[in-house]
Amino acid sequence: MHLTLQPPPTAITQAIVSNFSGVRRQEIIASHGNHLELLRPDPQTGKISTSFQQMSLDDKFYETFGKSDAHCIVPGQFLAVDPKGRIVTISAMEKAKLVYILNRDAAANLTISSPLETHKNAAIIHHIVGLDMLTYYELDLGLNHVLASSDKYDGPSGVLVCCEDHIIYRHMDAPQHRIPIHRLKGAFFFLVQNEDGDLFKVTIEHEEEEVKAMKMKYFDTVLAASSQCILKLPISDYLYQFQKLGDDNEPEFSSTMYPSFGMSDPTDHYPLLLNILPNSDTPQIFTACGRGTLAVEESVNPYDSYIILSFVNGTLVLSIGETIEEVQDTGFLSSALTLAVQQIGADALLQVHPSGIFVVALSSAELVYFESDLEGQLNEYQDRKAMGSTVLALSIGEVPEGRQRTSAVGCEDQTVLTLETLSLQALTAPPSSICIMEMMDFSITKVEPVMFVNIGLQNGVLLRTVLDRHSYSIQRQPAILALSFTPLIFDNFDYAWSFSAELSPEGLIGIAGSTLWCIPQLGTKLKEDSIPLSITPRKFITHPSNHYFYLIEGDHRVIGNDAAAKKLAELRNQGKDIDDKVLELPQEVFGKPSGTWGSAKRIIDPIEAKTVAYIPLDGNEAAFSLAVVPFSARNDDLHLVVGTAADTLVSPRSCSSGFLRTYQFTDASVTDDGAGLELLHKTETDDVPLALMAFQGRLAAGVGKALRIYDIGKEKLLRKVENKGFASAIISLHTQESVSYVVYKAPENRLLVFAADNQPRWVSAVTMVDYNTVAVGDRFDNILVNRLDPKVTDQVDDDPTAPHKTKMIAHFHIGDLVTSFHKVAMVARGREILLYTCLHGTVGILVPFVSKEDVDFISTLEQHMRQENSSLVGRDHLARGYYTPVKTVIDGDLCEAFARLPTSKQSSIATVISELDEYQLLKEPLT
């Protein structure tokens, strides 16, 4: 069964601004790959909040345009709409494009025409865009003829094409204009952003419809973003604001500054100016992530200000800011036990202690009611109400305008009483807490929220009853029970409260024993902590006998610290002016300057969440792989081998030289083994070493298209055997030919390929499930499990050259590119699962079933959920996949949607499943 632990993907791939929900306000639809999210900015403050996700969208029209499977020749990869909303074009990555004409019928319902094919052979599509081509017609009364006129226009048409280091203006009937993007600070317009975060203002200079020049100037520098949306909102502290439109004295560059409008030699690169800018009882997942895309700073403080902790003999007040610290001058009585605390009005806090104000329940089983007047003074009602039993819990609901007050009291005699109507509800155990709250429940009404009385019992049961809006009496409707549970990360809370701070806007704070815990965000399955890195991590591994992580970092078009210092020294020697303010910009926000390669090795202590050692690589050398290897020639002593390459070109991949760096673990202290590294030697290779792993006391290395085995020597690693006959290896993560099974024949010292996948795949991650089974993730968002017949493994010694094929036993499309696979047991003595991570932040698991009863039960539930929870785009849940439909994998996320169904629908599905289970039991023979 497939489950995602962290849905949806955190990365936003695209965002658009429009009006989607019918209200007259700007809204943003953000795409998270396989999820849609509607963001609604507040017109007063500019604060952006999530309105709903894709499950709340209504389907208006379905149009079948290709097979259910996703292929590179089936349209759907790219979509474009013309500015007037008249036509829609969908395109595949190769060849195929379809155009639909949109109209509305007499009832204003959307209609769509049959597709018009615009295929083009031998074409790779990178992007499509819609243009508004306006054509005006004039009627010549003398000739009684209609002629096309070009006297009127709505600005110059055309397309801006953003290339590496250049922007090009293209039009079918006009000269092209090209201008380089200079990396320096320095009617209508366009804002474009490069990968460093620099914003440029691009303008088109034209006369009538003829474009004369394309101009560009520096605008600003912000965090690099995947999409930009310009909103019409008042001044806000939550969003970037336009202070000016770039009409200053910054240098401006025009396409007329270059021969043939910059198109004389499109391959010529103009010179660019430098702009320097372990062991735990709790299951944990460590992931290496690149920098995020966008963060919005806030100057207004709409968050909580204090945390009040009550002890047996006193009260502690903590102030919430950049840090949480104790404060003294708060006016609270710190020497007494605090029984309750509540904010009253805008600037007043109420403390209840044994010798002070006691708001509702006295030890004599009486209720006392206080109410705050317009001046903020508390006034006590004279009448006190005797309950007849000790009060254990109480709650006062919010008072909407025009309605009366609602309150409920839970007593020791296992009853709950509403004070306004004296409606009584019997319980099965004494209550521990009560909360009156309005909540949406579509099974009761779809018009307005329903008032619920939520009652927590001391036996761990949560009881929810409906409070009648008119009589404010408890209705005898079926209740919902929720058993108490043990959280995945935190201990059971003795007390909890909502918590809102800048780093945790919608969190929860609680006390477990003597420890104060904070859950940053409700609704998440994982607790996240981050360790800052300098550049993008590529891979990290653990040490078998210590708790350290060994990580390699690397980025292309980045200058390392030493290279940047040398470049600055050269510029200063040449008398160039260096802007020191630019050098002081924080690199974690604005990134590092463009250049060649920046790379380093890092040792991390995950328990202390700190870096133990940082070893940069110089000489334009970058790290691509690493492995911990116990070499048999050194008495199985552990060594760290790092694969690097110098002067590497990304496409086509090449390098001046590759290297295998062999390190010995050193002791930073007597008790800290492995906290340092000592370079033993450096072995040169003829290509980039992309994959390394330990193999029978030696090193197996995937170097380019060759698989090699190395042993350790005194001066360098010694190549023992090599196989150049295949373009991929099972240890290679970047391949076009899927997975190959290789056997090592020690007597002959040969590597032989004896089995392979039945079709080629672009593999992005792989792990061994067992001796004959491998789990694979490919670049088209698929997860599959391939198995080799055990008989083939037994016959390898007899005939290792016979071609054999694996069999695909499971397949599932997850909608995100898999970057890593791990077979782990998340709990002690627990069942092993397959854990994967994805490019956009998705973390998921594949859980094996061990009994047929479990498979039958979950499969039946999934079958019902496929009917109740249809796909947003109309696809069948079983028909997802690039190569094949879903095979022997149950969609656990779809089954989890059962909890969001109305109560009546849940009951009907549960009845069908229970009847099916009874039928299966009757079919089984008696034993």
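The values are calculated or read from the model by the stated rules, or taken from the named source; none is laboratory data. Given the structure is predicted, the values throughout are model-derived calculations rather than measurements. Cβ: placed from backbone, ideal geometry, glycine included. Neighbour counts: every protein chain shown. Keep in mind that these areas ignore ligands, DNA and RNA; they rest on the heavy atoms of the full protein, side chains included. Shrake-Rupley method; radii C 1.70, N 1.55, O 1.52, S 1.80 Å.
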task: Just name the residue that is modelled with the lowest pLDDT out of those in the range 557-592 that are under 26 Å from the mean Cα position of the chain (by Cα) and open to solvent by less than 20 Å² (accessible area, probe 1.4 Å).
output: GLY591
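Going through TYR919, TYR882 one at a time, which residue ends up being under 20 Å from ASP816 (Cα atoms), modelled with pLDDT under 70 and either among the aromatic types (Phe, Trp, Tyr) or assigned to a helix (DSSP H, G or I) (or both)?
TYR882
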Residues located in the range 759-779, provided they are surrounded by 17 or more Cβ atoms within 10 Å (Cβ to Cβ) and in a loop (DSSP other than H, G, I, E, B): ARG761, ASN772
message: For the range 81-91, check the following and say yes or no: at least one residue is modelled with pLDDT of 85 or more and touching a Pro at 6+ places or on another chain (Cβ under 7 Å).
response: yes
Checking ILE552 against (1) under 25 Å from the mean Cα position of the chain (by Cα); (2) open to solvent by 50 Å² or more (accessible area, probe 1.4 Å); (3) β-branched (Val, Ile, Thr), the condition it does not meet: (2)
task: Could you tell me which numbered condition ALA802 fails, if it satisfies all but one of (1) open to solvent by 50 Å² or more (accessible area, probe 1.4 Å); (2) at pLDDT below 85?
output: (1)
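Of all residues being of a type outside the set (A, V, I, L, M, F, W, C) and either buried (at least 17 other Cβ atoms within 10 Å of the Cβ) or in contact with an Asp or Glu (Cβ under 9 Å, 6 or more places away or on another chain) (or both) in the range 883-892, which is nearest to LEU3 (Cα to Cα)? Just the residue, please.
The first filter runs over the range 883-892 and keeps only residues of a type outside the set (A, V, I, L, M, F, W, C), leaving 883-885, 887-888, 891-892.
Those still in the list that are either buried (at least 17 other Cβ atoms within 10 Å of the Cβ) or in contact with an Asp or Glu (Cβ under 9 Å, 6 or more places away or on another chain) (or both) too: 883-885, 891-892.
Numbers: TYR883: 21, THR884: 20, PRO885: 18, ASP891: 7, GLY892: 5 Å.
Residue satisfying both the conditions and the ranking: GLY892.
Quick check on LEU199: is it modelled with pLDDT under 80, aliphatic (A, V, I, L, M) and under 25 Å from VAL558 (Cβ atoms)?
No.
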- line: Within the range 618-655, of all residues that are surrounded by 13 or more Cβ atoms within 10 Å (Cβ to Cβ) and among the β-branched types (Val, Ile, Thr), the one farthest from ALA701 (Cα to Cα) is THR648
- request: Only residues that are more than 18 Å from GLN759 (Cβ to Cβ) and either in a loop (DSSP other than H, G, I, E, B) or modelled with pLDDT under 70 (or both): list them for the range 788-799, please.
  value: GLN795, VAL796, ASP797, ASP798, ASP799
- prompt: In this structure, is GLU209 at pLDDT below 80, surrounded by fewer than 19 Cβ atoms within 10 Å (Cβ to Cβ), over 34 Å from the mean Cα position of the chain (by Cα) and farther than 20 Å from HIS556 by Cα?
  reply: yes
field: Matching residues in the range 604-653 - criterion: being hydroxyl-bearing (Ser, Thr, Tyr) and under 16 Å from TYR550 (Cβ atoms)
entry: THR611, TYR614, SER625, THR644
- request: Kindly state which helices (runs of 4 or more DSSP H) lie completely within the range 537-641 and contain at least 2 residues that are of a type in the set (D, E, K, R).
  value: 561-573, 580-583
message: I'd like the full set of residues that are hydrophobic (A, V, I, L, M, F, W, C), over 16 Å from LEU3 (Cβ atoms) and modelled with pLDDT under 85, limited to the range 815-837.
response: ALA828
query: Filtering the range 656-710 down to residues that are at pLDDT 90 or above, farther than 26 Å from ASP618 by Cα and not hydrophobic (A, V, I, L, M, F, W, C), which residue is most open to solvent (accessible area, probe 1.4 Å)?
result: ARG698
